[in-house]
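The structure appears below as structure tokens.
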Amino acid sequence: MRLTTKGLLLIAIPAVFELTLLSAIVKAEADAESAELLGQHSQAVLAQAGRVLEPVLIESVRLRGAVAADDARFSTPVSMWMDVDRRIDRLAELVADNPSQVERAVQIRQAVQGYRQWSDRIQDLLHSGRRADLVERFRTYADADALDRVRTQVTSFQTEERRLDVLRVEAAEQARAQQQQLVMTAVIGSIMLVALAVWLFTRGVRGRLDALSDNAGRLAENEPLAPLATGNDEIAELDLTLHQISQRLVEAERLRVGFQADLARRAGQLARINEDLRQQTQENEMFIHSVSHDLRAPLVNLQGFSRELNHACDDLRERVARSSLGPEARTRLERIINEDIGEALRYLQTAVLRASHIIDALLRLARVGRVEYRRQRVNVQDLVQRVVDAMHASVRARNAQVSVHGLPPVWGDPTALEQVFANLIGNALNYLDPAREGRVEIGTASAPPGVESLQIFYVRDNGLGIPTVAQPRLFQAFQRMHGNVAPGEGIGLALVRRMVERHGGRIWVESVEGEGTTFYLSLPDALAVVPPAPGVAEALVAAHERSRERNGGGAADGAAPSAPVSGNGVPGGAAVAGVPAADGRLTGR
């Protein structure tokens with residue numbers, strides 16, 4: 001049985017008992033009041049009977065006096081008999097609920113009428129002077145008989161009413177006594193019922209509540225719980241819940257131990273991998289420096305020998321010109337020297353220069369992770385404006401429009417960030433479509449809700465665009481999408497990727513070939529220099545995918561979507577830290 005049902009029963013049973021006693025008390029009170037009213041009614045009836053008899057007795061006394069004084073002028077007023085008749089009517093009304101008393105009231109009326117008739121005959125004899133007849137009538141006590149009948153009827157009526165009054169008084173007293181008994185019974189019964197309810201609650205609930213509290217304490221101290229409490233009420237449900245929680249805690253502890261062991265194992269693996277990566281990085285740097293050093297000597301020799309060959313060709317050309325060879329032979333030798341040997345030397349010098357540039361790029365990539373950043377609050381608005389002003393000649397040469405929106409400050413190295421934006425804006429200008437008016441836009445995109453530690457910037461152009469198949473390898477070194485449009489070794493975006501990554505951000509691209517390209521990069525907000533918490537990455541990736549679905553994929557010329565994120569909580573893509581190229585600008589698309 002549910003606790004609520006038990007509580008309702010414990011409340012309902014005393015309530016029903018008390019309501020029953022209350023109704024009995026109310027009935028006893030009503031009976032007592034009714035008996036008291038009936039007693040008061042009896043007194044009123046007795047008084048009314050006396051008022052009926054009183055004028056008749058007075059009239060009898062006055063009539064005797066008039067006869068004794070031989071007063072022929074005496075006469076009983078009719079109004080007196082009318083008043084008596086009205087009093088009898090009132091008496092009959094008071095006892096209308098008692099047929100026997102109504103009958104006695106009728107007999108009183110008849111006795112009064114008989115006395116009135118006798119009184120009228122006496123008065124007639126008195127008025128006619130028949131003294132002897134009057135004396136004879138009084139002598140025979142006829143008047144006493146008529147008056148006695150009235151008195152007898154009234155007395156009989158009053159006697160019956162007094163008997164009823166006694167019964168009613170006794171009934172009222174019994175009702176009052178019963179009322180007092182009921183009140184005492186209600187008080188004692190209520191106390192007993194309350195005591196019984198407390199005893200039942202203590203026996204049936206308190207012990208189980210103590211067991212439940214003991215289990216709760218055991219659960220808090222991570223101790224085994226006592227057996228389940230019997231019953232199917234809320235206490236049993238709570239106890240079952242505590243046992244389920246205990247089982248889940250045991251399972252969670254087992255999982256925690258397993259996860260901890262797995263974490264320790266993976267931490268060891270990660271430490272070994274990091275150590276291997278550090279060694280590999282050192283080996284790669286050593287290899288790059290060794291290769292670049294070993295390659296430079298042959299390149300220098302090749303360049304030197306190519307110059308010597310150029311000088312030798314010049315000497316050979318002079319000797320052929322001064323020789324005595326025939327015109328045909330001289331022409332053939334000059335063609336060999338100028339065309340065949342000269343073209344071969346030009347190819348050789350171009351290859352040497354290209355190899356030198358590649359070696360320089362490898363050195364820049366090797367040094368990019370070792371550059372010490374001076375992190376501070378960077379005013380991106382001023383930084384981008386300086387980059388745009390420095391490229392004024394390129395902007396004017398390409399007849400392009402560059403718009404810079406409001407850009408918030410970030411936390412990072414100003415030199416590296418200037419190189420990042422210089423590369424992105426320079427690429428946007430270099431790869432504009434000459435068939436239409438160029439537009440380059442630099443602004444910010446809103447991060448997904450809950451991500452407050454990142455500022456997302458974008459550089460958008462309406463240029464040539466990047467083929468979809470080429471976008472995955474866009475940020476790899478030595479990848480060039482439009483090799484004939486602008487010079488470079490194809491490491492600019494790789495350097496940008498590493499610089500942005502070293503700032504705790506990410507860079508990614510959205511592009512539609514023939515329509516334009518938008519580069520997005522996320523950087524730490526100047527007011528939130530702590531890296532984003534784990535889990536922000538997944539939120540940004542999901543938001544970015546939803547945005548791409550809403551926009552139909554790609555956003556070269558539309559609003560900038562939210563940034564995808566990598567596992568450390570910053571928008572996804574890749575970023576770079578690095579050094580500028582020989583001309584002070586990073587290139588590579």
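Overview of values
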read-out	value
Estimated FRET transfer efficiency (Gln401, Leu277; beta-carbon r; R0 35 Å; 0.05)	0.20
Inter-site label distance for Ser128 and Arg162 at 7 Å from Cα along Cβ, in nm	4.2 nm
Around Glu161: net Lys/Arg minus Asp/Glu count, Cβ-Cβ under 12 Å	+2
Sequence-distant residues sharing a close amide H with Gly438 (under 5 Å, placed H)	Gln401
Simple label model, 7 Å out from Cα along Cβ direction - Arg256 to Arg330, nm	10.0 nm
Spin-label model distance (nm) - Glu237 vs Asp148, 7 Å beyond Cα toward Cβ	9.3 nm
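No lab work stands behind these numbers, since they all come straight from the coordinates. Just so you know, these numbers come straight off a predicted model, no measurement behind them. Here Cβ is always computed from backbone atoms with ideal geometry, including for glycine, and neighbour counts include all displayed protein chains.
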